[in-house]
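Structure first, then comments.
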Amino acid sequence: MDKRQTDEILDYLRRIDESVNGSGDKKRPGRKKKPLSDRVDSLSDRVDSLDAKVDALDTRMGNVELGLVHLDRKIDGVRTELVEHMERIHEELAGRIIDLESPGHGGRGGGPGVPLAS
């Protein structure tokens with residue numbers, strides 16, 4: 001192994017050390033860095049907190065979906081009722097139109113009180 005390869009390995013190890021332990025230049029006097037296990041525990045707590053928030057959002061979305069299904073059922077019920085009313089109105093109007101168009105008394109046709117010319 002030559003000097004260049006040795007320097008590359010040392011540089012690589014230095015970068016690994018800095019990524020795990022932080023840069024030695026940035027250390028403040030009197031302040032110690034937390035151990036890796038504490039940092040991992042802190043990160044784990046944050047992940048658990050986020051997981052709880054995601055679960056809460058999932059529950060809320062389920063409630064919203066259930067509410068929408070219930071709203072859809074109400075809309076379908078109102079739609080059915082509206083169609084039934086429209087059918088009744090149509091039948092009533094058709095019946096009245098037939099009554100108006102049917103021949104009057106005496107079989108002469110026309111509406112009531114409207115004599116036909118002979």
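Would you mind computing, in nm to one decimal, how far apart the modelled labels at L43 and A94 are, each placed 7 Å from Cα along Cα→Cβ?
Placing both labels 7 Å along Cα→Cβ, they lie 7.5 nm apart.
Could you tell me the calculated FRET efficiency between V64 and E87, based on Cβ-Cβ distance and R0 = 35 angstrom, to the nearest 0.05?
Rounded to the nearest 0.05, the efficiency is 0.50.
Output wanted: per-residue J couplings in Hz (rounded whole) for region 39-55, from phi through Karplus 6.51 cos²θ - 1.76 cosθ + 1.60, θ = phi - 60°, x for Gly and Pro.
These are the phi-based 3J(HN,Hα) values: 5, 5, 4, 4, 5, 4, 4, 5, 5, 4, 5, 5, 4, 5, 5, 5, 4 Hz.
Check the straight Cα-Cα distances from K53 and name the aspartates and glutamates below 14 Å, setting aside those fewer than 8 residues away within the same chain.
Partners within reach: D45.
Cut-off under 20 Å on the C-alpha distance; same-chain residues fewer than 8 positions from K3 excluded. Which aspartates and glutamates are left, in chain and number order?
The reachable aspartates and glutamates, counting only those whose Cα sits under 20 Å from K3, are D11.
We did not get these values from a lab; they are worked out from the coordinates using the rules stated. All values derive from a computational prediction rather than experimental measurement. FYI the Cβ positions are ideal-geometry reconstructions off the backbone, even for glycines, and counts take in every protein chain you see.
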